[in-house]
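Structure first, then comments.
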Amino acid sequence: MKVLVTGGAGFIGSHVVDLLVHDGRDVVVLDNLDPQVHGAEADEPAWLRRHTDAGAVAFHRGDVRDRKAVESALAGVDTVVHLAAAVGVGQSMYEPDYYTSVNDHGQGVVMAAMLADPSRYSRFVVASSMSIYGEGAYRCAEDGLVFPRVRVAAQLERGEWELRCPDCGGSLQPALTGEGKPAEATSVYAITKKTQEDLALCVGDAYGLPTVALRFFNTYGSRQALSNPYTGVAAIFLGRLMNGRPPMIFEDGLQTRDLIHVSDVARSVLRAIDADVQGSGTYNVCTGRPISVLDVARTLAERLDVDVAPDVVGRSRTGDIRHCIGDPARARADLAFEAATTLEEGLDELIAWSLDQTAEDRVDDSMRALTSRGLVR
Ligand SMILES: NC(=O)c1ccc[n+]([C@@H]2O[C@H](COP(=O)([O-])OP(=O)(O)OC[C@H]3O[C@@H](n4cnc5c(N)ncnc54)[C@H](O)[C@@H]3O)[C@@H](O)[C@H]2O)c1
Ligand SMILES: [Zn+2]
C-alpha cells in the first residue's frame, strides 16, 4: 500500500504521516508549504526531514492545483488522503477567490488526476469539517430535536447569545449533532468544505471508489500554527498566553465546542483507510463532549500555571455558532473509531510542544482586518 497525503506537512497531516510511517506504510506527501502556515522562508519541517532522510516518506513540494505536480505525486499510489486546504474561516470571508481555488478547484485537480486510472485506488479520504453544520442540533421540551438557523445580526447586536426554538420560540438545550443534520454553511470556508465533500462522494460513487469524508471537529495539539490567528481556539489562546496577554473571548464565553486532540484525528484517518466500509460516507470525527470556550482558556492557564484571566470582550463575529457537539456514534459503528484523549492530556501535549516554539501574537491584526470589514460587531 502506498498512501499520498496532500497537505501532509500541515498540522493534522503531520500526525497522519507519523502514524502511517509508524505503521510501516509507504507515504508520499504533496504540500506547497503555504507561507501563512509554514512561514515566508519555509523549508521542509524538521520532523518531515527525519522521515525523508530515513527513506520513509517521499516529499513533493507542489500545489494541489498543479496537475503535473499531482500526477507525479500519485505515481504508484493506491490510497489518497486529501488534507491540503486553506483553513481560515474569518479570512475566507475576504479572500473567497483563494479559498474556492485551493479547496474546490484543488480537489477537482486531484480527482481528475485520479480518474486517469480510477480502478487503481482502494480509498479516497477527504477532510471535511464540522463547520458545514452551522449551528449544532438542539432539543426543545415541546418540539423535540430541532435545527435552528445561525443567529441573525439583530440578535447578536442585542447580546442574546443563546438560540431559541424555531417552532415555538422556547428555550433550547444543545443536543449531539449527527451526520443527518442538514448543512448550513455560514462562511466561504464552510461552503468550500461542503463542496469538497459533495464532489468527493459524487465522483466516488460514480466510479465505485470507496470514499470517506471525515468531518473533523475542532482539532488541537502539537504542531498547530500558534501564530495564525485564523486557526483553532486552543492554539490562539495559548499563543496569547505565551505572549503574556489574555485570551480574547467573544460573546460571554459560554459557547461550547467539541475539541478533539490531533492524535485522535490522525487515528480516525487510519481507520477511514482500513475500515471495511461499503460505498461512500460521511463521518463525524469528534468526542461528543462539550467544553465552553471560557473553560478552554481557564484550563490552559491552569495547566500553564499562569494567572491571566481571559478577556471576555462581549463582541461577536458574523457566522459564529453558539454550540456544536458531534455525535460520535456512526464513526464508532462503521469505522471502529473512538476519541481517547482527555482535554487535560491533550492540552498538556500541546503545551509541552509549545515550550520551544515562539508564537507571534497576530490577534490584533486579525481583529483589525475583520473589524474594518464589518465582520466583528
Ligand atoms: N484543524 C482543524 O480544527 C480542522 C477542522 C476541520 C477540518 N480541518 C481540515 O483538515 C485539513 C488539514 O487542516 P490543518 O488544520 O492541518 O491545516 P494546516 O494549514 O496546518 O495544513 C494544511 C496544509 O496544506 C498545505 N496547503 C495549503 N494550500 C495548498 C496547496 N494549494 N497545495 C498544496 N498544499 C497546500 C499547507 O501548506 C499545509 O501544510 C484541512 O482540509 C482542513 O480544512 C481542520
Ligand atoms: Zn419548541
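Key figures for this structure:
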| item | result |
| --- | --- |
| Calculated FRET efficiency for the pair Cys202/Ala336, C-beta based, R₀ 30 Å, to 0.05 | 0.70 |
| Cβ-defined net charge surrounding Trp47, 12 Å radius [Lys, Arg +1; Asp, Glu -1] | 0 |
| Gyration tensor verdict on the range 119-192 (Cα atoms; rounded if a/c is under 1.5, prolate if a/b is larger than b/c, oblate otherwise) | oblate |
| Cα gyration tensor category, rounded, prolate or oblate, for the range 42-82 with a/c compared to 1.5 | oblate |
| Relative exposure of Glu344, Glu179, judged by other C-beta atoms within 10 Å (fewest first) | Glu344, Glu179 |
| DSSP beta bridge pairing in the range 11-144, given as percent antiparallel to the nearest 5 | 10 percent |
| Size of electric dipole in the range 263-341: Cβ of Lys, Arg +1 and of Asp, Glu -1, about Cα centre, debye, nearest 20 | 220 debye |
| The chain, relative contact order in percent, only Cα pairs under 8 angstrom and at least six apart counted | 17 percent |
| Positive-pole candidate from Leu199, Thr256, Ala352, dipole of the chain, charges at beta carbon | Leu199 |
| Pairwise label distance in nanometres, Ser72 with Glu160, each label 7 Å out on the Cα-Cβ vector | 5.8 nm |
| DSSP-defined beta bridges in the chain - what % are antiparallel, rounded to 5 | 20 percent |
| Gain upon complete extension [Glu344, Asp305; 0.36 nm per residue less C-alpha separation] | 12.7 nm |
| Helical segments meeting 27 Å axial Cα length and Kyte-Doolittle 0.0 threshold in the chain (DSSP H) | 188-207 |
| Residues Lys68, Lys193, Lys181, Lys2, sorted so that the one with the fewest Cβ neighbours within 10 Å comes first | Lys68, Lys2, Lys181, Lys193 |
| Footprinting exposure proxy for Phe216, Phe59 (fewest neighbouring C-beta atoms within 10 Å first) | Phe59, Phe216 |
| Size of charge dipole - the range 32-135 - debye, nearest 20, with Cβ of Lys, Arg +1 and Asp, Glu -1, no other charges | 340 debye |
| Protection proxy ranking, peptides 139-150, 308-319, average beta carbon neighbours within 10 Å, highest first | 308-319, 139-150 |
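Bear in mind that the values in this text are calculations on the coordinates, not laboratory data. Remember, predicted model here, so these are calculated numbers, not experimental data. Heads up, the Cβs are rebuilt from the backbone with ideal geometry, glycines too, and the neighbour counts pull from every protein chain shown.
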